[in-house]
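Accompanying notes for the structure given below.
The values are calculated or read from the model by the stated rules, or taken from the named source; none is laboratory data. Here the structure is a predicted model, which means the values were calculated and not measured. Cβ placement follows ideal geometry from the backbone for every residue including glycine, while neighbour counts extend to all protein chains displayed. Remember, those area values only see protein heavy atoms, side chains included, never the ligands or the DNA or RNA. Shrake-Rupley method; radii C 1.70, N 1.55, O 1.52, S 1.80 Å.
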There are 2 protein chains.
Amino acid sequence: MARTKFDETDFKGAALAIAAERGPLAVTVGSITERLKAPTGSFYHRFASRDILLGELWLETVLDFQQGTTAALDAGDPLAAALHTPAWVRKHLDEGRLLLLYHRDDFVQREWPQTLRDRVAAQTEQMAGGFARAARLIFGHAGPDEIRRAQFLLAEVPVAVVRRHLERREPPPPIVDELIRITYRAVVDDYRTRTRSDGAGG
Amino acid sequence: MARTKFDETDFKGAALAIAAERGPLAVTVGSITERLKAPTGSFYHRFASRDILLGELWLETVLDFQQGTTAALDAGDPLAAALHTPAWVRKHLDEGRLLLLYHRDDFVQREWPQTLRDRVAAQTEQMAGGFARAARLIFGHAGPDEIRRAQFLLAEVPVAVVRRHLERREPPPPIVDELIRITYRAVVDDYRTRTRSDGAGG
DNA sequence: CGACTACTAGAATAATTATTCTAGAGATCT
DNA sequence: AGATCTCTAGAATAATTATTCTAGTAGTCG
């Protein structure tokens, strides 16, 4: 066995750094190997293709992120799930840029590699399940309307407030959490008053 | 003068359609001319480069979008400015995808063309001015904290709620406006109560 | 030691795109 | 009609990338 100079994590680390700096499009086999001063042969010895490296990187990152949300829901605390986004981003600035500034499909150039399809599908499903669970925790019911509101509170708003700061490569300031809290409480209160006065909410 | 078969708007229209369907990356000189069945010579007769076509397309689209926001602020109605996003998107689904699903820099491949730099800078400035104006209208004051909240209400939240629907190529349903309204009222009320109880706001 | 394995090394190849270039065609003007 | 100007046409060129291929090298196992 020849001396291993570059392992999988080296390549992934370089890819993450480049993606965080210049976007996923700038992550080319050339830019990775240049940064590492590794030959392209070593790259292809580890990964069957560029798309597989980037697909795995995205998938691992999103799963790490989602874990925190899931944990908060397991603890029955949906507000904590909403606040998890800024908290996680503060710990993982590069990963935050990767995940929240770009689209899933910005990472692979063609179709998603067959080898990753199932894992991506599982991730999507887990996410959908999380929203339903959150809807039940927050509103006591998981109809389409409640799920839509849960998506708003747990995903759309937190990502939206955090984005501007990620673009500037700065950790999200406290006002971000405050805005998430205000919005959370407002949507919950609104739902309660509305279901109390006029019949159902769908 | 030879018969004009393809004018600027033909090329821009094709570019818009392709960008809305498959993203700005799929807008290549080849995909445009193929769609139009035009020769590449005609393309380069109209536009100095691919980046200039796409830069102009983005710029024209964002200015059209911003006009509605500005009009609402001129009318002294910041809530209408917040609701302008879903309203405009319903009228311009393709343009909405172009503008709200991608980044400004996804459109040009290298640096922004020199010829467009000034117009982009003016656009950015206009946008910043709009937020300051909105902050004054909503909160009566335009300090950093008030401006941040105005950005949240006028830009971040509306874009965030609308995005999911744009991804599915469907017009944003009424719940979107409702969520924007709820959030708007909540942030305004919060600011009022807070500045009434403990001193200033930041 | 000698075969084998797991890599390093990087040149060669292929595919995709932007851009340039050379020709030719139809209007318009005189 | 003939000159000229604006375009159409599309082939040729250049640059960028992903991927493949051929060699060589350093450990490990027998």
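Condition first: open to solvent by 80 Å² or more (accessible area, probe 1.4 Å) and without any contact (Cβ under 8 Å) to a residue 24 or more places away in the chain. Now tell me which residues in segment B:108-167 satisfy that. Residues satisfying the conditions are B:E111, B:Q114, B:R117, B:D118, B:E125, B:R136. Among B:L59, B:L36, B:L25, which is the only one that is within 14 Å of chain A (Cβ to nearest Cβ) and either aliphatic (A, V, I, L, M) or within 23 Å of A:V108 (Cβ to Cβ) (or both)? Within the list B:L59, B:L36, B:L25, the selection yields B:L25.
Here A:L73 meets the list (1) in contact (Cβ under 8 Å) with a residue 12 or more places away in the chain; (2) under 20 Å from A:R110 (Cβ atoms) almost entirely, failing just condition (2).
So is A:R50 modelled with pLDDT of 95 or more, closer than 22 Å to A:V120 by Cα and within 11 Å of DNA strand C (Cβ to nearest atom) or not? Full working, then the answer.
Values: modelled with pLDDT of 95 or more: yes; closer than 22 Å to A:V120 by Cα: yes; within 11 Å of DNA strand C (Cβ to nearest atom): no.
So A:R50 does not fit the description; no.
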